[in-house]
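What follows is a short report on a single structure.
The values are calculated or read from the model by the stated rules, or taken from the named source; none is laboratory data. None of the values given here were measured: they were computed from a predicted structure. Neighbour counts are summed over all protein chains in view; Cβ atoms, including those assigned to glycine, are modelled from backbone coordinates with ideal geometry. Ligands, DNA and RNA are excluded from the accessible area calculation, which covers all protein heavy atoms including side chains. Shrake-Rupley method; radii C 1.70, N 1.55, O 1.52, S 1.80 Å.
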Amino acid sequence: AQRVTQPEKLLSVFKGAPVELKCNYSYSGSPELFWYVQYSRQRLQLLLRHISRESIKGFTADLNKGETSFHLKKPFAQEEDSAMYYCALNPPSGAGSYQLTFGKGTKLSVIP
Amino acid sequence: NAGVMQNPRHLVRRRGQEARLRCSPMKGHSHVYWYRQLPEEGLKFMVYLQKENIIDESGMPKERFSAEFPKEGPSILRIQQVVRGDSAAYFCASSPTGLTEAFFGQGTRLTVV
């Protein structure tokens, strides 16, 4: 069964400090991995997907198949980064749908 | 494009009543997903629908829950005879095809009293 684990429920960092939000997954195959973000009172929105290998709002995430991890990183945290972050997994696109398995989320709090 | 619209945003029902949650997908989107988020948990997939068809309902509880996406109008998630354990946030997402990014609504928070 597929599973996504985000070990930290809450992560507090000071403004300007590096941020790393951890995500580990279990899936027998090559899934798609995503990071979603939910700012206060806003809807869940896609932040990153591993296949695009891009940097959004200074965040990057590298898929490590050996460690089955997809940690989210940013070198210098900003106050506006404070939000709830969810790691999610989708079976390979050949499965024909977008049925995501989410982790429980990590609340990032950036202290001014 | 107004985005995925869910209503109501908050819904309170007494045990035994019915709950109807509505989801209007983004314009041009014919694929709808419903997810449930229980307190302190991640979102869990419930059902995947296209217009007039249920494609995958593997995440739906076997009893009391049903979903539809008619040719006209919003997708409806219906919960009959609600119980306290149904209290959760229910999210809808839509995509133009089943293989591209799905956009989420703001969710409906159901409270069963």
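How many of the residues making up the range A:6-22 are in a loop (DSSP other than H, G, I, E, B) and open to solvent by less than 40 Å² (accessible area, probe 1.4 Å)?
Selection size over the range A:6-22: 3.
A count restricted to the range B:59-77 and to residues that are part of a strand (DSSP E or B), open to solvent by 40 Å² or more (accessible area, probe 1.4 Å) and of a type outside the set (Asp, Glu) stands at 1.
A single member of B:SER75, B:SER66, B:SER95 is on the phi < 0 side of the Ramachandran plot, hydroxyl-bearing (Ser, Thr, Tyr) and more than 10 Å from the chain's Cα centre (by Cα), and it is B:SER95. For the condition among the aromatic types (Phe, Trp, Tyr), touching a residue at least 12 places away in the same chain (Cβ under 8 Å) and farther than 28 Å from B:CYS23 by Cα, A:PHE34 does not qualify.
Here B:ARG36 fulfils each of the conditions (1) surrounded by fewer than 15 Cβ atoms within 10 Å (Cβ to Cβ); (2) modelled with pLDDT of 95 or more; (3) under 26 Å from A:THR106 (Cβ atoms) apart from (1).
Considering every residue within the range B:2-19, establish whether at least one is surrounded by fewer than 20 Cβ atoms within 10 Å (Cβ to Cβ), within 17 Å of B:SER94 (Cβ to Cβ) and at pLDDT 95 or above. Yes, the range B:2-19 contains at least one residue that is surrounded by fewer than 20 Cβ atoms within 10 Å (Cβ to Cβ), within 17 Å of B:SER94 (Cβ to Cβ) and at pLDDT 95 or above.
All told, A:ARG41 meets the bar of being within 14 Å of another protein chain (Cβ to nearest Cβ), at positive phi and in a loop (DSSP other than H, G, I, E, B).
Figure legend. Inter-residue proximity from the range B:1-23: first residues farther than 17 Å from B:TYR35 by Cα, second residues surrounded by 13 or more Cβ atoms within 10 Å (Cβ to Cβ) and among the hydroxyl-bearing types (Ser, Thr, Tyr), beta-carbon distance below 7 Å, spacing 6+ or different chains. Indicated pairs: B:VAL12/B:THR111.
A:LEU100 - would you say it is in contact with a strand residue (DSSP E or B) (Cβ under 6 Å, 6 or more places away or on another chain) and modelled with pLDDT of 95 or more? So A:LEU100 fails the test. Restricting attention to the range A:39-62 and to residues that are among the charged types (D, E, K, R) and touching a strand residue (DSSP E or B) at 6+ places or on another chain (Cβ under 9 Å), the residue that is most open to solvent (accessible area, probe 1.4 Å) turns out to be A:ARG53. If I ask for residues that are closer than 19 Å to B:GLN106 by Cβ and among the β-branched types (Val, Ile, Thr), which ones from the range A:34-84 would you list? Correct list: A:VAL37 only.
Could you say which residue among A:TYR36, A:TYR25, A:TYR85 is open to solvent by less than 30 Å² (accessible area, probe 1.4 Å), within 11 Å of chain B (Cβ to nearest Cβ), touching a strand residue (DSSP E or B) at 6+ places or on another chain (Cβ under 8 Å) and outside any loop (DSSP other than H, G, I, E, B)? Spell out the reasoning first.
Details: A:TYR25 fails: within 11 Å of chain B (Cβ to nearest Cβ); A:TYR85 fails: within 11 Å of chain B (Cβ to nearest Cβ).
Just one listed residue meets the conditions, A:TYR36.
Among the strands (runs of 3 or more DSSP E) confined to the range B:1-58, the ones with at least 3 residues that are within 11 Å of another protein chain (Cβ to nearest Cβ) are located at B:31-37, B:43-50. Does B:ILE54 meet the test of being open to solvent by 20 Å² or more (accessible area, probe 1.4 Å) and among the aliphatic types (A, V, I, L, M)? Yes: the conditions hold for B:ILE54.
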